[in-house]
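Reviewing the structure listed below.
Nothing in this text is a laboratory measurement; each read-out follows from the coordinates by a stated rule. Not measured: the values here are computed from a predicted model. Backbone-built Cβ (ideal geometry, glycine too); neighbour counts: all protein chains shown.
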Amino acid sequence: MSRLTCSRCILLLTAALAQPAFAASTDVKTRNVIFVMTDGLRWQEVFRGADAALIDKEHGKVSDPAELKKRYWRDTPAGRREALMPFFWQTLARYGQVYGNRDLGSDDYVTNGFNFSYPGYNETLCGFPDPRIDSNDKVPNPNMTVLEWLHRKPEYSGQVAAFGAWDVISAVVNPARSGLLANAGYDPLLAPPVTPEIDLINRLKADTRIWSDEPFDSFTFYTAMRYLELHHPRVLYVSLGETDEWAHAGNYELYLDAAHRVDRFLREFWQTVQSMPGYRGATTLVFSPDHGRGEAPDEWKSHGRKIPDSKYIWMGILGPDTPALGERSHISPITQSQIAATLAALLGEDYNAEVSKAGKPVRDVLPR
């Protein structure tokens, strides 16, 4: 075992020992969870804002750097990140908690070792890495996700839904086995009632194709929003993908625009649930990516095993049970594998009691 591997093991063990054992509690205000992921959004943009090394034609394919700077460039990292993601920083970080700013000694990372999408979604939703999940092939997930685990409980049956821009998201949650409502890729939403608005979204999505395996995020978001308003699920999972698509294309302007748009979608989700009886004051919003990316200017477009820095991610959480500790600093690392149990714990459920190999909940985001 290398010194690096040994040190990492010691660090993980220390963090685990520092976490008190979780006991399921019904003394929670959270009745509903909305979990939004955006594929491959770097921690660097989340915490530092727009990157000067990429606002150019050579490295970021930016045709008008001056115009892009007007939208997203400010003199300080705090100003830049707020210009890029105003809801995240003005509301979520202020009244909730944010993890993953490596500049402040807050590490959040994947443990699957692959640093790409399907392994990341599996680790996130199941709570553990699986070496069998070693590609992005659309193969039904052999593992039970926390979404499926909740759906099996009578109080959540028919109350869990998953929406994904990337068509592989349907394989990740495996609706054939799980029984979940899953809508991903270009598939139309056919759960009744198919209102005229949903029918129009379905048709526009089918007719607006840039990528073969996923539509624009807006189609996924508005489909999920209409489902939320019509069916009132207790657990809503939404995975968006444009941040990853535009990064792979090397288009930094559209990458930033996609991140900015996801932030607006978060605001719309939050404002909507605060206006709805049964959701107001009883809903927690969780936000995270599936993997990170390499450093600018050379590796930002990519991720994977050959780019070790792409393991670093981040997480934001806002809700009635999460203490408003803001941007966390100088704390023990957290991992992607802890998200599944954290989602369950926010609802007063003990995922680890049945899935012992899953990461433990992030204690600081739970009621004290």
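Between A324 and E155, what is the spin-label point distance in nm, taking each point 7 Å from the Cα along the Cα→C-beta axis?
2.8
Scan the chain and hand back the longest stretch that contains none of the GluC sites (Glu not before Pro) lying in DSSP loops with at most 13 other Cβ atoms within 10 Å.
Longest stretch, sites excluded: 156-353.
Between E354 and V194, what is the label-to-label distance in nm when each label sits 7 Å out along the Cα-to-Cβ direction?
Simple spin-label model gives 3.3 nm for this pair.
In debye, nearest 20, what is the charge dipole magnitude of the chain about its Cα centre with +1 on Lys and Arg Cβ and -1 on Asp and Glu Cβ, if you could check?
740
Enumerate the amide H contacts of G304 below 5 Å, restricted to partners 5 or more residues apart or on another chain; note that Pro and chain-start residues carry no placed amide H.
Distant-sequence amide H within range of G304: S310.
List the residues whose amide H sits under 5 Å from the amide H of T38, counting only those 5 or more places along or on another chain, with H placed 1.01 Å from N in the peptide plane.
L240, S288, D290
For the stretch 57-77 and the stretch 182-245, write down the distance between their C-alpha centroids in whole Å.
31
Using a 7 Å offset from Cα along Cα-Cβ at E58, what residues in the stretch 271-301 end up with backbone N under 13 Å from the label point?
297-298
Can you list the residues, at least 5 places off or on another chain, whose amide H is less than 5 Å from the amide H of T335, using H built in the peptide plane?
Correct list: Y109.
Residue by residue through the stretch 238-248, which ³J(HN,Hα) values in whole Hz follow from phi under the Karplus form 6.51 cos²θ - 1.76 cosθ + 1.60 (θ = phi - 60°), with glycine and proline marked x?
Values per residue, Gly and Pro as x: 9, 10, 10, x, 5, 4, 6, 4, 6, 5, 4 Hz.
When the chain is treated as a GNM, springs tying every alpha-carbon pair under 10 Å, which of N115, N32, N136 comes out with the largest mean-square fluctuation?
N136
Give me a comma-separated list of calculated 3J(HN,Hα) values for the stretch 351-365, in order, Karplus coefficients 6.51, -1.76, 1.60 applied at θ = phi - 60°, integers in Hz, x for any Gly or Pro.
Once θ is set to phi - 60°, the couplings for the stretch 351-365 become 5, 5, 4, 10, 10, 5, 7, 6, x, 7, x, 7, 4, 5, 8 Hz.
Given R₀ = 35 Å, what would the calculated FRET efficiency be for D137 paired with Q90, taking r from the Cβ atoms and rounding to 0.05?
Approximately 0.30, to the nearest 0.05.
Treat the count of other C-beta atoms within 10 Å as a stand-in for reagent exposure and order L343, L180 from fewest to most.
By the 10 Å Cβ count, ascending: L180, L343.
Does the stretch 3-365 come out rounded, prolate or oblate by the C-alpha gyration tensor, with a ≥ b ≥ c the root eigenvalues, rounded set by a/c under 1.5 and, if not, prolate when a/b is larger than b/c and oblate if not?
Rounded, because the longest to shortest axis ratio a/c is under 1.5.
Hey, what do the phi angles of the stretch 274-287 turn into as Karplus ³J(HN,Hα) couplings, whole Hz, using 6.51/-1.76/1.60 and θ = phi - 60°, x for Gly and Pro?
Result, rounded to whole Hz: 6, 9, 10, x, x, 10, 4, x, 9, 10, 10, 10, 10, 9.
Over the chain, calculate the relative contact order: mean separation of alpha carbon pairs under 8 Å at least 6 apart, over the residue count, as a percent.
32
So, in nm, how far is label T76 from label R264 when the simple model puts each one 7 Å beyond its Cα toward the Cβ?
According to this spin-label approximation, the distance is 2.7 nm.
First select every other residue whose beta carbon is under 12 angstrom from the beta carbon of F163; then total the charges, Lys and Arg +1, Asp and Glu -1.
-2
Along the positive direction of the dipole of the chain (beta-carbon charges: Lys, Arg +1; Asp, Glu -1; about the Cα centre), which of G281, M37, S178 reaches farthest?
It is G281, whose Cα lies furthest towards the positive end.
Counting pairwise Cα distances across the stretch 229-306, what percent come out greater than 19 angstrom?
The calculated P(r) of the stretch 229-306 puts 48 percent of pairs beyond 19 Å.
From the alpha carbon gyration tensor of the stretch 38-79, can you work out the equivalent ellipsoid semi-axes (sqrt of 5 times each eigenvalue) and give them in Å, largest to smallest?
After diagonalising the Cα gyration tensor, the semi-axes are 17, 14, 8 Å.
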